[in-house]
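What follows is a set of notes on a single structure, which appears directly below.
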Amino acid sequence: MEKTNAMRLLDAKKIQYEGYEYPPQITDGEEVAKVLGEDAKSVFKTLVTESEKGENIVFCVPVCATLDLKKAAKVAKVKSVAMIRQRDLEPLTGYIHGGCSPVGMKKRFRTFIDESAQNFTKIYVSAGKVGKQMRLNPSDLVGYLGAQYGAIAGDSEKE
């Protein structure tokens, strides 16, 4: 498997992970989880927001859940957050929609990972390219990113 920049960054810090590939035409997170043979609660999507003061904040939630913007703002100790426009994602992070990893963005942003990640010994996050995922210990991810856990997930998108 070809290494992504996110993988190389983890390698440099000697953080263990496994890389996985799936057909890049699969864009639904829950379908990705099925292809990986995993519980959708252990596969996380990376969402980039902007606070009312213009600060970009990153949140990772299970693919089967939504980001609760009110909870996210509370955890980040800001008045409000809103999703950034899709067209702003690549210039800001270096990643495209569907391949946004919390690891290796152009800048380091404050990052919050849903507290449910602590229920798993390993979680999946994007490896920075559509069709590539990394499976790693959530505590290793939190430590590398300087992230925090928080109650940020809302209800499931699909019942």
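The values are calculated or read from the model by the stated rules, or taken from the named source; none is laboratory data. Note that the structure is a prediction, hence the values are computed from the model and not measured. In this analysis, Cβ positions are derived from the backbone assuming ideal geometry, glycine residues included, and neighbour counts consider all displayed protein chains. Surface accessibility is based on the protein's heavy atoms, side chains included, excluding ligands, DNA and RNA. Shrake-Rupley method; radii C 1.70, N 1.55, O 1.52, S 1.80 Å.
Under 14 Å from the Cβ of Lys79, count the other residues' Cβ atoms, weight Lys and Arg +1, Asp and Glu -1, and hand me the total. Intermediate results must be reported in sequence, preceding the final value.
Values: positive: Lys53, Lys70, Lys71, Lys74, Lys77; negative: Glu50, Glu52, Glu55.
With Lys, Arg at +1 and Asp, Glu at -1, the neighbours total +2.
Please give the per residue accessible area of the stretch 1-80, computed with a probe of 1.4 Å over protein heavy atoms only, in Å².
Details: 4500 Å² over 80 residues.
Here the per-residue accessible area is 56 Å².
Do the sum for the chain: with -39,500 (n - 2.57) for every DSSP H run of n ≥ 4, divided by all residues, what is the mean residue ellipticity at 222 nm, to the nearest 500 deg cm²/dmol?
Numbers: 5 runs with 40 residues, N = 159.
Mean residue ellipticity, 222 nm, calculated: -6500 deg cm²/dmol.
Which whole-Hz ³J(HN,Hα) couplings does the stretch 88-105 yield from phi under the Karplus relation 6.51 cos²θ - 1.76 cosθ + 1.60, θ = phi - 60°, glycine and proline marked x?
Taking θ as phi minus 60°, the curve returns 8, 4, 5, x, 7, 10, x, 10, 9, 4, x, x, 8, 9, x, 9, x, 5 Hz for the stretch 88-105.
Return the long-range amide H neighbours of Ala65 (sequence gap of 5 or more, or a different chain), with a cut-off of under 5 Å between placed amide H atoms.
Glu157
Let me check I have the definition right: for the stretch 43-159, take the eigenvalues of the Cα gyration tensor, multiply each by 5, take square roots. What are those semi-axes in whole Å, largest first? Write down the numbers at each step before the final one.
On the way: eigenvalues 70, 59, 39 Å².
For the stretch 43-159, the semi-axes come out at 19, 17, 14 Å.
Quote the Stokes-Einstein diffusion coefficient, in whole µm² s⁻¹, for the stretch 1-110, based on the Kirkwood radius over alpha carbon pairs, a temperature of 20 °C and a viscosity of 1.002 mPa s. Before the final figure, lay out the partial values.
Numbers: Rh = 15.2 Å.
Translational diffusion coefficient: 141 µm²/s.
Heavy atoms only, probe 1.4 Å: what % of the accessible area of the stretch 71-159 goes to carbon and sulfur, would you let me know? Mind dumping the intermediate values first?
On the way: 2230 of 4660 Å².
Taking all protein chains in place, the stretch 71-159 shows 48 percent carbon and sulfur surface.
Let's see if you can work this out: charge +1 on each Lys and Arg Cβ, -1 on each Asp and Glu Cβ, no other charges. What is the dipole magnitude of the chain about its Cα centre, in debye to the nearest 20? Write down the numbers at each step before the final one.
Numbers: 24 positive and 21 negative charges, 144 e Å.
About 700 debye.
What is the list of residues in the stretch 45-59 whose amide nitrogen lies under 13 Å from a point 7 angstrom out from the Cα of Ala82, following Cα to Cβ?
So the set is 49-55.
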